[in-house]
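A.B. asks: Pasting a structure here, questions to come.
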Amino acid sequence: MPQIDDKLLEELLQKLRDDEAEEDPLKYVLEKTLNQLLEKEMTEHLNAEKYERAEDRSGHRNGYRERNIHTRVGTLELRVPRDREGNFSSEIFEKYQRSEKALVLALQEAYLQGVSTRKTKKITEKLCGTEFSKDQVSRLTKQLDEQLKNWRNRSLDEESQGEDNQSTGKSFPYLVVDATYEKVRENGQIRDRAVLMVVGIDEDGYRQFLGTYMKTTESEISWSEVFTDLINRGVDPESVEYIVSDKHKGMKKAIGKFFENTTWCWCHTHLQRAAEDKVDSKDEQEKLHTYLRTVLNSPNEETAKARARLLIEHYRDKYSDLAEWLEENLPYALSVFELPKKHRKRLRTNNSLERFNGEIKRRTKVVRIFPNRASCLRLVTALCMEQSEEWVTGRRYVNKEALEEFLSEESEEEEEIIDDLADELQREVVYS
């Protein structure tokens, strides 16, 4: 993004000092900055500044066209540069306005269908202007839905070919899985509906949203439909080494069904909450929390298992039910120790996805009750799409070298096991 020039900064400071200013300073700086971005995009498109004589310029400017975009700080008036050939197309509107469009459309739909709260009319007028029609909403919805549907249905396969010339699917060694619930009006009733999300981390250490889905509940059938879709779109289940999630029964059963050779980890945060619910007082909960952190923050698997045994015995007499529960469930959390040490902190919980769910809630609470599932899925998909674009173009989520070593060690270990089996068979032949 271009730097705010001295003149713009001076104007902004003046507006902040002026108590009687009619224009919102935030709206002012956003409008000015976006116009600067548009100018920069045109300069990059033409390989030349305004009035610059450059040998490698690829075209010429041809005035401007006015375009308004509606945001939560008001309507921004932008001047979009044009070139003589008509080839210039800005990326700002699609990337910046995608989630804004989805939010505005959700509010408009709620208002038009008469299921909005008292504040919705004021909010829609603030965001969208006082006039909008069903035809306008329908047209905007169709345009945005097509784009978001294409993203949800995109292929996840890099067209890699195996020895039999068949596509082997894309490799996502790690998956993070979670769900959140939103209120949707259906048949005159307000229902809680599940939004299911899956994040994948590829072999280069980058993460992206693989799927975003709207379902009635988090049942085994719903999650089975999610995983079937991911596999059909190119995720190779054999390449998934590790999945972290909460312990919802439907989700857990579906994971076991579709990723039977994959290590599953119960999110440490969820495990701790579940364990602390099994003791009486707040003091006991705090002690248990500290004990569990000692186990789960162990330097290696052997130490973690030893500490787990001590913890279980510690509670054997006073809280026998808790001791039995820990004995049964702690191994699901200790499975994180199968990962490289550099990856454990990031992948011992699904907190990263839960934090994103918080961002979803921040946006959806403006709507409160969605008029239909499509409206909810539209907004959540737009948010996931924008976040995913930031992830894949940003920093790696996990260390690539450690991941490569982890994956290669597994293949070497498998070869050693095969060699040992071959030696054992050979000895049996010799001694028989």
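A.B. asks: Quick one: plug the Kirkwood hydrodynamic radius of segment 176-319 (C-alpha pairs) into Stokes-Einstein at 37 °C, 0.692 mPa s, and report D in µm²/s.
C.D. replies: On the way: Rh = 17.6 Å.
Answer from the Stokes-Einstein relation: 186 µm²/s.
A.B. asks: Still on this structure, please answer the following. Across segment 167-220, what fraction of all alpha-carbon pairs, as a whole percent, falls in each successive 5 Å bin from zero upward?
C.D. replies: The distribution over segment 167-220 is 4, 18, 21, 16, 14, 11, 7, 5, 3, 1, given as percents.
A.B. asks: Using a 1.4 Å probe, how large is the accessible area of residue 291, given in Å² and rounded to the nearest 10?
C.D. replies: Roll a 1.4 Å probe over it and residue 291 shows about 80 Å².
A.B. asks: State the extension gain, in nm to one decimal, for the chain segment bounded by residue 85 and residue 389, taking 0.36 nm per residue of separation less the distance between their alpha-carbons.
C.D. replies: 106.5 nm
A.B. asks: Where in segment 198-218 does the label zone of residue 189 land, with the point 7 angstrom along Cα→C-beta and an amide N cut-off under 14 Å?
C.D. replies: Taking a point 7 Å out along Cα→Cβ of residue 189, the residues of segment 198-218 whose backbone N falls under 14 Å are 216-217.
A.B. asks: Let me ask something else about it. Any chance you could run the full-extension gain for residue 68 through residue 261? It's 0.36 nm times the residue separation minus the Cα-Cα distance, nm to one decimal. Could you put the intermediate results ahead of the total?
C.D. replies: Numbers: separation 193, 0.36 × 193 = 69.48 nm, distance 5.25 nm.
Extra length from residue 68 to residue 261 when fully extended: 64.2 nm.
A.B. asks: Let's see if you can work this out: charge +1 on each Lys and Arg Cβ, -1 on each Asp and Glu Cβ, no other charges. What is the dipole magnitude of segment 284-408 about its Cα centre, in debye to the nearest 20? Show your work: numbers first, answer last.
C.D. replies: Details: 24 positive and 19 negative charges, 151 e Å.
My answer is approximately 720 debye.
A.B. asks: Here's another thing I want to ask about it. Grab the eigenvalues of the alpha-carbon gyration tensor for segment 283-370, scale each by 5, take roots, and send me the semi-axes largest first in whole angstrom.
C.D. replies: Values: eigenvalues 201, 73, 21 Å².
For segment 283-370, the ellipsoid semi-axes come out as 32, 19, 10 Å.
A.B. asks: Further question: Could you tell me what percent of the accessible area of segment 222-280 is made up of carbon and sulfur, with a 1.4 Å probe and every protein chain present?
C.D. replies: The C+S portion of the solvent-accessible surface of segment 222-280 is 41 percent.
A.B. asks: Let me ask you something else. Could you grab the relative contact order for segment 231-348? Cα pairs under 8 Å, six or more apart, rounded to a whole percent. Before the final figure, lay out each step's value.
C.D. replies: On the way: 101 pairs, mean separation 30.0, N = 118.
Relative contact order, segment 231-348: 25 percent.
A.B. asks: Give me the orientation-averaged projected area of the Cα convex hull of segment 257-412, in nm², one decimal.
C.D. replies: 13.1
A.B. asks: What full-extension length gain, to one decimal in nm, is calculated for residue 309 and residue 273 as 0.36 nm per residue of separation minus the Cα-Cα distance?
C.D. replies: Between residue 309 and residue 273, full extension yields an extra 11.0 nm.
A.B. asks: Another one. I'd like the carbon and sulfur percentage of the solvent accessible area for segment 349-407, probe radius 1.4 Å, heavy atoms only, ligands and nucleic acids excluded.
C.D. replies: It is 46 percent, rounded to a whole number.
A.B. asks: So, one more: How much of the DSSP beta bridge set in segment 183-283 is antiparallel, as a percent to the nearest 5? Let's see the in-between values first.
C.D. replies: Details: 12 of 16 bridges.
Approximately 75 percent, going by the DSSP bridge assignments.
A.B. asks: Now, a different point. Nearest 20 debye, what's the magnitude of the dipole of segment 204-358 about its Cα centre given +1 on Lys and Arg Cβ and -1 on Asp and Glu Cβ? Can you show the working numbers first?
C.D. replies: Working: 25 positive and 26 negative charges, 104 e Å.
Around 500 debye, computed over segment 204-358.
A.B. asks: For a 18 Å ceiling on Cα separation, which of these pairs sit above it: 183/365; 27/50; 149/215; 183/215? Write down the numbers at each step before the final one.
C.D. replies: Details: 183/365 10 Å; 27/50 26 Å; 149/215 16 Å; 183/215 12 Å.
In this structure, 27/50 exceed 18 Å between Cα atoms.
The values are calculated or read from the model by the stated rules, or taken from the named source; none is laboratory data. Since the structure is predicted, the reported quantities are computational estimates derived from the model, not experimental observations. Glycine also receives a Cβ, built like all others from the backbone with ideal geometry; neighbour counts cover every protein chain displayed. Only protein heavy atoms, including side chains, enter the accessible area calculation; ligands, DNA and RNA are left aside. Shrake-Rupley method; radii C 1.70, N 1.55, O 1.52, S 1.80 Å.
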